[in-house]
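Working notes, beginning with the structure itself.
The values are calculated or read from the model by the stated rules, or taken from the named source; none is laboratory data. This is a predicted model, so every value here is computed, not measured. Here the Cβ positions follow ideal geometry from the backbone for every residue, glycine too, while neighbour counts run over all protein chains shown. Side chains included, ligands, DNA and RNA excluded: accessible areas come from the protein's heavy atoms. Shrake-Rupley method; radii C 1.70, N 1.55, O 1.52, S 1.80 Å.
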Amino acid sequence: MPDPILGSGLSGLLAAQAGLATTSHNISNASTPGYSRQNIVQGTQTAQFTGAGYIGRGTVVETVRRSYSDFLEVQARESTAGKAHADAYLNIAARLDDLLASDAASLSPAVDDFFAGINEVAAKPGDVAARQSLLSGAEALVGRFRTLDAQIADARTDVNRRLESAVAGVNSIAERIADLNDRIVAARGTGSRIQEPNDLLDQRDALVRELGGLV
């Protein structure tokens, strides 16, 4: 019969070695985006039956578990998507606001001048200069409408380009997530003790957050 003291001590050394390796892995990936800290989970190794009862055989590393919360991950995804949505909305809204609120480009000055010309013609219907001023104001208003229309069309074209780029990015990330899913399924394997591939799961979570930001 193998020496139970030697076996128990050896199991402790192996568990400590696994713990040191996991700690080293954590330190090495401290700056890795999306990495979740990992720790080993130990359990009691199956005892050996003897005439005097069950003799303990030490410890065993049951799994390596990452510090992870489904709730916090969902919150992070929603926050990432919400921030990306707000940033995109702000970018377009600010562009239109600059366009419509500018004295040099907005409609307000041209509209004011046009109606001022109408009032002047109404007050002096026989004044040629007033009628000419009204026509000039009308032409300026039409020109301002055309300028705004062209600038808004440019903004629309820019948004469409961004959408096309985002779609390409979404497709690329979706393909990478699908590939990771295949690798995760293969790494988990089958049997009574399915082990989680923590690093692959971290990579998938990071891609899902990135996907949420794009969408």
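Let's see how each residue does on (1) farther than 30 Å from D158 by Cβ; (2) touching a residue at least 24 places away in the same chain (Cβ under 8 Å):
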site: L96; (1), (2): no, yes
site: A116; (1), (2): yes, no
site: P125; (1), (2): yes, no
site: A130; (1), (2): yes, no
site: S133; (1), (2): yes, no
site: A138; (1), (2): yes, yes
site: V142; (1), (2): no, no
Tell me, which strands (runs of 3 or more DSSP E) wholly within segment 16-132 include 1 or more residues that are open to solvent by less than 60 Å² (accessible area, probe 1.4 Å) and not small (G, A, S)?
38-44, 48-50, 59-66
Keeping to segment 1-32, report how many residues are under 30 Å from R209 (Cβ atoms) and at pLDDT below 90.
0
Answer yes if at least one residue in segment 43-61 is within 24 Å of Q203 (Cβ to Cβ) and not hydrophobic (A, V, I, L, M, F, W, C), and no otherwise.
no
Selection within segment 144-161 - farther than 14 Å from S108 by Cα and touching a residue at least 24 places away in the same chain (Cβ under 8 Å)
Q151, I152, A155, V159
Only one of Q203, Q195 is in a loop (DSSP other than H, G, I, E, B), surrounded by 11 or more Cβ atoms within 10 Å (Cβ to Cβ) and not small (G, A, S). Can you tell me which?
Q195
Which listed residue is of a type in the set (S, T, Y) and under 30 Å from T22 (Cβ atoms), from S69, S106, S133
S69
Scan segment 134-187 residue by residue and report those that are open to solvent by 60 Å² or more (accessible area, probe 1.4 Å), among the polar types (S, T, N, Q) and over 23 Å from H85 (Cβ atoms).
T147, Q151
